[in-house]
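Written below as structure tokens is the structure these notes are about.
The values are calculated or read from the model by the stated rules, or taken from the named source; none is laboratory data. Owing to the predicted nature of the structure, the values given are computational and were not obtained by experimental measurement. Note: ideal-geometry Cβ built from the backbone for every residue, glycine included; neighbour counts use all protein chains shown.
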Amino acid sequence: MPFARLPQLLLLACLAGAGACATLPDVGELRADAAQEQSGGGKPRIKGRQGLLSPGRTAAILRELERQGKTSLLDRHFAFMQTLHDKPLTAGNGARLLIDGPRTYAAMFEAIAAAKDHVNLETYILEEDEIGRKFAALLAQKAGEGVQVNLMYDSVGSINTSRAFFDALRGQGVNVCEFNPVNPVKGRLFSLNNRDHRKLLVVDGQVSFTGGINISNVYASSIFGSRRREVKQEGWRDTHIEVRGPATQDFQRLFIDNWGTQACGRLPQRQYFPQPVRGGDQVVQAIGSSPGDALNLIYLELLSAISHAERSVWITMAYFVPDAQTTAALKDAVKRGVDVTLVLPGFSDYWITFYAGRSYYDELLAAGVRIYERRDALLHAKTAVIDGVWSTVGSTNMDLRSFLHNHEVNAVVLGAEFAGEMERVFRRDLEESVPIDPKAWEKRGAAERAKETLARMWAYWL
């Protein structure tokens, strides 16, 4: 969620103290540099439970992924990304797609209840409601059993949750950290615009969860199976992922590193990095981004995958305000004959972001991008599946707030099996969505157009 919860005066104060404007990397320059590099076109490294795999084993896994997808997307995508970083992929994982709040919460509760050593939970929003109290009770219970429970919540995202709620958790043994406090005595004015938008849970260093789902009653029921809901405040449509296996260590490092940026003391020593246990056959990459990064790898991964797609780019996105490079990549993909289809919200909890996103419809529709809006429930998922072999689930929206101002985390899963699940869910979303007809869109009223123009002026800060 963007700053919908922050009073306007506080929002303006945050923006005034935000400092110099950050910018996205110039992908054209990066490609030119990659083409000139002698080492360009390299293959990614892959690690497993025992460390880096041999070149032969790595090559075999990559060949199999290419065979599954029947596309050269991965080969060209990796060739570009390897010129930017050498972070390895991770084999031997189980990846489970979790749709909507009830299924996600049930899986998270089960994992927390089974914790023996530690629970690390990072969230943008932790509401003081029925769902929030259930989480709090379970975290306190585990702390009472001797499990180390570390909780980090964002000060703006959880601004409506009382201080007493978090103090009660501290009193019951939970190690609580407030990320970038709004309180000017405790916070740093220049960092108030940088929020921790991550949703990340790591249990015993063996199982991890990430995606778009916060801790709130708005996820109290599932959308699928309940057609044309009359109550839109509950049952938000969202997506999460559960990962078991070696990739959990990478999510763990993201949690620990982010904790270390705050004045919350060192984490108590526990077995945060136990010997990994094989969780399945999936190849997973954990990617985090922070405002101070030289290169936003989540942004570049997504843009590269779109730019190298051969068949399909299917995106489900809660907050969609694309920058110029993303817009160009989507349009160029259509020119190559790629099916580019977007499922976007038909309404939002933050009107200015909603209308800023709609201001791009004219250009995208004219280029042949297919756009659908889900209007029966608030769409909050942030996912993409490309060429039936590259998938991502995470906290990152396609807007400048996520790419420049927030701390975010995404899971990338490679392979046809998981991508097939993603595509099935995407088709179900399409069935529940309304297509935007280009001719009908051209006839929208002057009031709608005015809102779009006004909202787009604020795109950098949304």
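Just a few scattered comments:
- From 100, 129, residue being buried (at least 22 other Cβ atoms within 10 Å of the Cβ) and among the charged types (D, E, K, R): 100
- Residue within the stretch 260-280 that is surrounded by 15 or more Cβ atoms within 10 Å (Cβ to Cβ), in contact with a strand residue (DSSP E or B) (Cβ under 8 Å, 6 or more places away or on another chain) and not in a loop (DSSP other than H, G, I, E, B) present: no
- Residues of the stretch 65-87 that turn out to be surrounded by 15 or more Cβ atoms within 10 Å (Cβ to Cβ) and among the hydroxyl-bearing types (Ser, Thr, Tyr), as a count: 2
- Number of the exception - residue 56 against (1) in contact with a helix residue (DSSP H, G or I) (Cβ under 9 Å, 6 or more places away or on another chain); (2) farther than 30 Å from residue 429 by Cα; (3) part of a helix (DSSP H, G or I); (4) not basic (Lys, Arg): (1)
- Strands (runs of 3 or more DSSP E) fully within the stretch 98-185 that include at least 3 residues being farther than 18 Å from residue 267 by Cα and not aromatic (Phe, Trp, Tyr): none found.
- Here residue 138 meets the list (1) within 21 Å of residue 221 (Cα to Cα); (2) in contact with a strand residue (DSSP E or B) (Cβ under 6 Å, 6 or more places away or on another chain) almost entirely, failing just condition (2).
- Beta carbons closer than 7 Å, at least 6 apart along the sequence or on distinct chains, pair a first residue in the stretch 156-179 that is without any contact (Cβ under 8 Å) to a residue 12 or more places away in the chain with a second that is β-branched (Val, Ile, Thr) for 170/176.
- Residue in the stretch 409-441 that is farthest from residue 201 (Cα to Cα), counting only those that are of a type in the set (Asp, Glu) and touching a residue at least 12 places away in the same chain (Cβ under 8 Å): 432
- Some residue of the stretch 102-114 being more than 20 Å from the chain's Cα centre (by Cα), modelled with pLDDT of 90 or more, in the same structural domain as residue 174 (by TED's automatic domain parsing) and more than 22 Å from residue 394 (Cα to Cα): yes
- Selection of the stretch 301-324 for residues being touching a Phe, Trp or Tyr at 6+ places or on another chain (Cβ under 9 Å) and over 25 Å from residue 213 (Cβ atoms) yields 304, 307, 308, 309, 323.
- All of 299, 355 fail the test of being crowded, with 24+ Cβ neighbours inside 10 Å and out of contact with any strand residue (DSSP E or B) (no Cβ under 6 Å at 6 or more places or on another chain), apart from 299.
- Conditions (1) surrounded by 23 or more Cβ atoms within 10 Å (Cβ to Cβ); (2) polar (S, T, N, Q); (3) modelled with pLDDT under 95: number failed by residue 316: (3)
- Any hit, the stretch 207-215, residues being modelled with pLDDT under 95, over 20 Å from residue 256 (Cβ atoms) and not assigned by TED's automatic domain parsing to the domain that holds residue 376: no
- Taken over the stretch 72-97, the criterion of being under 30 Å from residue 35 (Cα atoms), not in a loop (DSSP other than H, G, I, E, B) and not hydroxyl-bearing (Ser, Thr, Tyr) is satisfied by 73, 74, 75, 76, 77, 78, 79, 80, 81, 89, 91.
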